[in-house]
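A quick write-up on the structure given underneath.
The values are calculated or read from the model by the stated rules, or taken from the named source; none is laboratory data. Only a predicted model underlies this, so the values are computations on that prediction, with no experimental measurement involved. Cβ sites come from the backbone with ideal geometry, for glycine too, and all protein chains shown count toward neighbours.
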Amino acid sequence: MTRLTGRHVAAIFTGGFGIIIAVNLLLATKAVSTFPGLEVPNSYVASQSFDARRKAQTALGWTSRVDYHDGSLTIAVLDRDGHPAPIRDLTAHIGRPTEARDDIALMLDARGQVALELARGMWRLDLAGHADDGTPYQRAIPLKVDPTW
């Protein structure tokens, strides 16, 4: 039987902490390289008009409805009465909330639908368009895809 000496304890201690430090460095590198962390290029400039844009969009009274089922994504922007809103230049973009690798610009048909296979997990749908008077409409909608539903 081998005696446990100070050198053995130092090697175990150094090896254990070496593994912890190596794993932390790997995870930190992956976190920084896969998540850009940017919503807007300059948050200070964007914040100057945020309240005015929010009030104008709220005054429209529009809501967004999103449904994903059997490989089909349906998007509807509705007015106060539940009718299709007169939105111009509607663009839709879907991706993972934490990385840009799976981002897709969507081409919707006239009914607001697109055939799309989404992997299981959390997605973020970004909608952007304008009202007839030029008021911008923007929504970021979380979407959970779970095939067990």
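What to note about this one:
- Test: residue 140 is within 30 Å of residue 32 (Cα to Cα), of a type in the set (A, V, I, L, M), surrounded by 14 or more Cβ atoms within 10 Å (Cβ to Cβ) and without any contact (Cβ under 8 Å) to a residue 40 or more places away in the chain: no
- Candidates are the residues of region 2-31 that are in a helix (DSSP H, G or I) and basic (Lys, Arg); the one that is farthest from residue 99 (Cα to Cα) is 7.
- Qualifying residue in region 46-61 (condition: at pLDDT below 85 and on the phi < 0 side of the Ramachandran plot): yes
- Residue 101 surrounded by 10 or more Cβ atoms within 10 Å (Cβ to Cβ) and either touching a residue at least 24 places away in the same chain (Cβ under 8 Å) or touching a Phe, Trp or Tyr at 6+ places or on another chain (Cβ under 8 Å) (or both): no
- Taken over region 104-113, the criterion of being of a type outside the set (A, V, I, L, M, F, W, C) and either part of a strand (DSSP E or B) or surrounded by 13 or more Cβ atoms within 10 Å (Cβ to Cβ) (or both) is satisfied by 112, 113.
- Residue in region 115-125 that is in a strand (DSSP E or B), of a type outside the set (Lys, Arg), within 30 Å of residue 31 (Cβ to Cβ) and touching a Phe, Trp or Tyr at 6+ places or on another chain (Cβ under 7 Å) present: no
- Only residues that are free of Cβ contacts under 8 Å to residues at least 60 places away in the same chain, part of a loop (DSSP other than H, G, I, E, B) and within 13 Å of residue 135 (Cβ to Cβ) were counted across region 41-78, and they come to 2.
- Failed item in (1) touching a strand residue (DSSP E or B) at 6+ places or on another chain (Cβ under 9 Å); (2) in a loop (DSSP other than H, G, I, E, B); (3) not small (Gly, Ala, Ser), with residue 133 passing the rest: (1)
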